[in-house]
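Peer 1: Below is a structure I'd like to ask you about.
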């Protein structure tokens, strides 16, 4: 069973470290201790490498999970994170809204100690919910030598994501376009 809040989701038990020496394990407790956000991470689920964080987040969303639910899946040198959000936005704006993940990731990577490769994904279910996902991979040798802090990376990303989500709620999608221009990211045109 995966570690988490216990919705009956089957996952891989990640209590056995099973990683190379010097590589930190994800810990719900350590992430929460470092997390400033009161919206994201109230419910965190942690699974092993065979789990799909986005697929599990979709299951939770369809079952009525609350906004801010986080699903993590980790392996030796990487992590996959999915966050359930329930923004008030038309479906045509989903692509622009998804840029909050890249903006939060850019802010997180700017603080150093980040992964060697990242990817962002987004799934929208009509206007019911959006799942933002990231995948992050560290070179195992770099991880062991640098003692990279994946728990800190996760908490920092969630805090930055919460900040960008708050800007979206306060200022609308225009705030996201301003953020992309300020960080040098390409803008995404909203569909008519």
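None of the figures in this text is laboratory data; all of them are computed from the coordinates on show. For clarity, every value in this text was computed on a predicted model and none was experimentally measured. In this analysis, Cβ positions are derived from the backbone assuming ideal geometry, glycine residues included, and neighbour counts consider all displayed protein chains.
Peer 1: Take each of the peptides 69-77, 54-62, average the number of other beta-carbon atoms within 10 Å over its residues, and list them starting from the highest. Numbers along the way, then the final one.
Peer 2: Values: 69-77: 23.6, 54-62: 19.8.
Peptide ranking by packing, descending: 69-77, 54-62.
Peer 1: Which three numbers, in whole Å and largest first, are the semi-axes of the equivalent ellipsoid of the stretch 28-181 derived from its Cα gyration tensor as √(5λ)?
Peer 2: On the way: eigenvalues 117, 64, 37 Å².
Calculated on Cα positions only, the semi-axes equal 24, 18, 14 Å.
Peer 1: Could you work out how far apart the two model spin labels at residue 29 and residue 117 are, taking each label as a point 7 Å from the Cα in the direction of the beta carbon, and quote it in nm?
Peer 2: About 3.4 nm separates the two model spin labels.
Peer 1: Between residue 91 and residue 62, what length comes free when the chain is fully extended (0.36 nm per residue of separation minus the Cα-Cα distance, one decimal in nm)? Display every interim value, and only then the final one.
Peer 2: Working: separation 29, 0.36 × 29 = 10.44 nm, distance 1.72 nm.
That pair, residue 91 and residue 62, stretches by 8.7 nm at full extension.
Peer 1: Here is a follow-up. Which FRET efficiency value, to the nearest 0.05, do you get for residue 169 and residue 52 by plugging their Cβ-Cβ distance into 1/(1 + (r/R0)^6) with R0 = 30 Å?
Peer 2: 0.60
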